[in-house]
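Report on the structure given below.
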Amino acid sequence: MRLRADLGLSQGQLGVTLNAHQVTVARWEAGALRPDEWQIDLLAAFRRAHASGALPSQDAIRDALQHGAPYALQIILSALPAPRRRL
């Protein structure tokens, strides 16, 4: 997963944020397995945050993981730009 590398995360670290084992992440990357829908949604949110250039630094993400997956998710997802409202 290029996104994982762009975020500077190991397979295990990405797995923690998505409630998946490192081996499962490796199988996703090899194309042997597919993430669940909610994991795909989170990965899409990570991609949007990354594409917006608003993601915290790789060090900040790794530091957040030291406090647990929920905190890391909050840090990553808080970087998402606010959705645009349709009039």
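Tabulated data
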read-out: Any pair with Cβ under 8 angstrom, 6 or more apart, that starts in region 25-39 at a residue that is β-branched (Val, Ile, Thr) and ends at one that is not in a helix (DSSP H, G or I); value: VAL25/MET1; VAL25/LEU18
read-out: Subset of region 11-47 that is outside any helix (DSSP H, G or I) and modelled with pLDDT of 90 or more - its residue that is farthest from the chain's Cα centre (by Cα); value: ALA32
read-out: Residues satisfying the stated conditions in region 48-59, i.e. touching a helix residue (DSSP H, G or I) at 6+ places or on another chain (Cβ under 8 Å) and surrounded by fewer than 15 Cβ atoms within 10 Å (Cβ to Cβ); value: GLN58
read-out: Test: residue in region 71-85 that is of a type in the set (Lys, Arg) and in contact (Cβ under 8 Å) with a residue 12 or more places away in the chain; value: no
read-out: Selected residue (criterion: surrounded by the most Cβ atoms within 10 Å (Cβ to Cβ)) from residues of region 1-10 that are modelled with pLDDT under 85 and in a helix (DSSP H, G or I); value: LEU7
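The values are calculated or read from the model by the stated rules, or taken from the named source; none is laboratory data. No experiment lies behind these values; they were computed from the predicted model shown. Here Cβ is always computed from backbone atoms with ideal geometry, including for glycine, and neighbour counts include all displayed protein chains.
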